[in-house]
1. Can you pull out every residue in region A:124-143 that is facing chain B (nearest Cβ under 7 Å) and either closer than 19 Å to residue B:90 by Cα or surrounded by fewer than 17 Cβ atoms within 10 Å (Cβ to Cβ) (or both)?
2. May I ask you to verify whether residue B:57 is within 23 Å of residue A:79 (Cα to Cα) and of a type outside the set (A, V, I, L, M, F, W, C)?
3. Would you call residue A:100 at pLDDT below 95, under 29 Å from residue A:11 (Cα atoms) and of a type in the set (Asp, Glu)?
4. Of the residues that make up region A:85-92, is at least one touching a residue at least 40 places away in the same chain (Cβ under 8 Å), more than 11 Å from chain B (Cβ to nearest Cβ) and under 15 Å from the mean Cα position of the chain (by Cα)?
5. Which number in (1) within 16 Å of DNA strand D (Cβ to nearest atom); (2) at pLDDT 95 or above; (3) more than 14 Å from every other protein chain (Cβ to nearest Cβ) marks the one condition that residue B:79 misses?
6. Could you grab me the full set of residues in region A:79-106 that are closer than 21 Å to residue B:79 by Cα and surrounded by fewer than 13 Cβ atoms within 10 Å (Cβ to Cβ)?
7. Could you tell me whether residue B:114 is at pLDDT 95 or above, more than 26 Å from residue B:71 (Cα to Cα) and surrounded by fewer than 13 Cβ atoms within 10 Å (Cβ to Cβ)?
8. Within 14 Å of chain A (Cβ to nearest Cβ), within 10 Å of DNA strand C (Cβ to nearest atom), surrounded by fewer than 17 Cβ atoms within 10 Å (Cβ to Cβ) and free of Cβ contacts under 8 Å to residues at least 60 places away in the same chain: which single residue out of B:52, B:61 fits that description?
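The values are calculated or read from the model by the stated rules, or taken from the named source; none is laboratory data. What you see is a predicted model; the values in this text were computed from it and never measured. Neighbour counts run over all protein chains shown; Cβ positions are idealised from the backbone, glycine included.
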There are 2 protein chains.
Amino acid sequence: MEKRILNKFLKDKGLRLTKAREAVFQRTFSYQGHFNPESLYLRLKETGIKVSRASVYRTLSLLCECGLIEKVRKTEEGTLYEYIFGHEHHDHMHCLSCGEIIEFYSEDIERIQEELCKELHFKGINHSLEIRGYCKKCQKKKN
Amino acid sequence: MEKRILNKFLKDKGLRLTKAREAVFQRTFSYQGHFNPESLYLRLKETGIKVSRASVYRTLSLLCECGLIEKVRKTEEGTLYEYIFGHEHHDHMHCLSCGEIIEFYSEDIERIQEELCKELHFKGINHSLEIRGYCKKCQKKKN
DNA sequence: TATTTAATGAGATTGATTCTCAATATCAAT
DNA sequence: ATTGATATTGAGAATCAATCTCATTAAATA
């Protein structure tokens with residue numbers, strides 16, 4: 001399914017489905033959640049697949065364009081991406097101690113945001129909400 | 001007031017109030033909203049004040065540490081900061097067309113977040129919510 | 001298969017940020 | 001005000017993610 005989307009996207013733009021693009025695309029599935037380009041590049045390398053960093057970056061841009069993945073945010077370790085196709089929209093809690101990412105979704109927050117946009121005459125396209133703090137485990141560790 | 005906070009912070013850490021730090025601190029007030037280190041550096045330069053880029057970066061870190069300013073997010077143009085002392089917490093709408101930043105605050109969203117944290121056993125420290133889309137003006141332009 | 005042209009990889013480049021270190025400035029004690 | 005211990009500075013080097021360059025290679029279609 002995802003493959004078909006990528007294919008159509010490429011064809012429509014007159015682009016080609018190459019070994020490099022295929023490899024990056026596939027390896028993308030090896031992540032549960034967030035990943036950055038460098039990590040993806042290294043995983044490809046480990047597996048013995050030769051794809052240049054440049055191609056990793058270039059392909060990630062394409063995967064964003066066709067809506068399979070999305071930039072989450074920029075960090076000290078580079079831009080974070082995540083797979084979104086087939087995943088419902090969600091927001092994140094980010095543990096400052098162990099780095100864990102907890103996904104959550106709130107109908108109420110979505111609704112209130114829409115109301116706020118209407119109020120302020122803003123046409124909302126998407127949003128990101130990140131709550132930073134400490135996960136259950138790390139709270140215990142401290143005590 | 002802010003000056004006193006900075007002073008106390010420095011003294012407590014055995015740091016010194018230098019010309020460079022004073023200058024960066026002061027120039028920080030020339031911004032209404034968001035700013036990045038390079039822009040601050042240039043404004044200082046324009047005014048004829050000689051402070052190195054290194055000192056700008058170093059001082060911004062200190063101002064963050066003592067809670068006068070805060071990192072908003074990383075962008076292509078570098079890290080965005082904003083003054084927070086004396087400003088109530090708020091979130092942002094970000095116009096993808098003209099770049100305008102609209103601040104907003106919602107008691108409801110704050111409350112729901114607290115509830116969510118409790119539910120998920122997460123100790124929330126702070127959060128950022130950004131809604132991306134198009135402001136009133138830019139919506140009109142399109143039509 | 002041949003032809004056209006998009007895509008690739010290696011390495012250079014850019015841009016933000018941090019680091020290094022010798023020279024300088026601050027501040028507490030005198 | 002002077003001194004002395006040491007924090008701070010600035011210039012430029014170093015780092016790191018990301019992008020660009022360009023000669024070579026490889027898709028895709030006729």
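1. A:124, A:125, A:126, A:127, A:128, A:129, A:130, A:131, A:132, A:133, A:136, A:139
2. On the way: within 23 Å of residue A:79 (Cα to Cα): yes; of a type outside the set (A, V, I, L, M, F, W, C): yes.
Yes: the conditions hold for residue B:57.
3. The answer is no for residue A:100.
4. Step one: list which residues in region A:85-92 are touching a residue at least 40 places away in the same chain (Cβ under 8 Å), which gives A:85-86, A:91.
Restricting the remaining residues to those that are more than 11 Å from chain B (Cβ to nearest Cβ) gives A:85-86.
Filter once more, so that each one left must be under 15 Å from the mean Cα position of the chain (by Cα): A:85-86.
Yes, region A:85-92 contains a residue that is touching a residue at least 40 places away in the same chain (Cβ under 8 Å), more than 11 Å from chain B (Cβ to nearest Cβ) and under 15 Å from the mean Cα position of the chain (by Cα).
5. With (1) within 16 Å of DNA strand D (Cβ to nearest atom); (2) at pLDDT 95 or above; (3) more than 14 Å from every other protein chain (Cβ to nearest Cβ) applied to residue B:79, the lone miss is (3).
6. A:99
7. Taking the combined requirement at face value, the residue does not satisfy it.
8. Matching residue, one of B:52, B:61: B:61.
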